[in-house]
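To keep things clear, I will list the structure first and then write my remarks on it.
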Amino acid sequence: MKKIKMTVSGRVQGVGFRYMTKMVADQIGIAGIVRNEDDGSVYIEAVGPTDKIDAFIAAVKRSPSPSGKVEAFAIHEDANIENYISFRVTN
């Protein structure tokens with residue numbers, strides 16, 4: 001299992017980005033969370049097999065929301081992320 005945390009910035013708030021990210025995660029089979037941050041970015045924690053995490057990252061980089069635009073992102077593996085059982089929007 002691969003565990004990542006990802007911060008995405010650009011036009012990612014107010015465009016359905018979190019809910020579309022959840023839809024993509026559910027389709028791919030990824031567990032985790034997505035939330036808006038006060039600085040206008042979106043924070044994601046994702047847990048799943050490496051190939052599915054890689055597909056999820058690629059989808060997020062393309063912006064799952066048609067109205068969104070990812071301008072920057074940072075991804076880090078973090079073994080301390082909890083073992084989520086589903087993917088949810090937390091705020």
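The values are calculated or read from the model by the stated rules, or taken from the named source; none is laboratory data. All of these numbers come straight from a predicted model, not from anything done at the bench. Methodologically, a virtual Cβ is constructed for each residue, glycine included, from the backbone with ideal geometry; neighbour enumeration extends over all protein chains shown. These accessible areas exclude ligands, DNA and RNA; they are computed on the full protein's heavy atoms, side chains included. Shrake-Rupley method; radii C 1.70, N 1.55, O 1.52, S 1.80 Å.
Taking the criterion of being outside any helix (DSSP H, G or I) and either open to solvent by 60 Å² or more (accessible area, probe 1.4 Å) or on the phi < 0 side of the Ramachandran plot (or both), the residues of region 28-42 that qualify are Ile30, Ala31, Ile33, Val34, Arg35, Asn36, Glu37, Asp38, Asp39, Ser41, Val42. Does Glu45 fit the bill of being in a strand (DSSP E or B) and over 13 Å from Ile4 (Cβ atoms)? Spelling it out, it is not the case that Glu45 is in a strand (DSSP E or B) and over 13 Å from Ile4 (Cβ atoms). Residue count for region 50-71, restricted to those that are among the hydrophobic types (A, V, I, L, M, F, W, C), in contact (Cβ under 8 Å) with a residue 24 or more places away in the chain and farther than 16 Å from Val15 by Cβ: 4.
Go through region 42-85 residue by residue and tally those that are of a type in the set (S, T, N, Q) and within 11 Å of the chain's Cα centre (by Cα). Here the count works out to 1. Restricting attention to region 1-25, the residues being farther than 18 Å from Ile53 by Cα and either open to solvent by 10 Å² or more (accessible area, probe 1.4 Å) or over 12 Å from the mean Cα position of the chain (by Cα) (or both) number 7.
In the condition set (1) outside any helix (DSSP H, G or I); (2) in contact (Cβ under 8 Å) with a residue 60 or more places away in the chain; (3) within 16 Å of Lys2 (Cβ to Cβ), Ala25 is compliant with all but (1).
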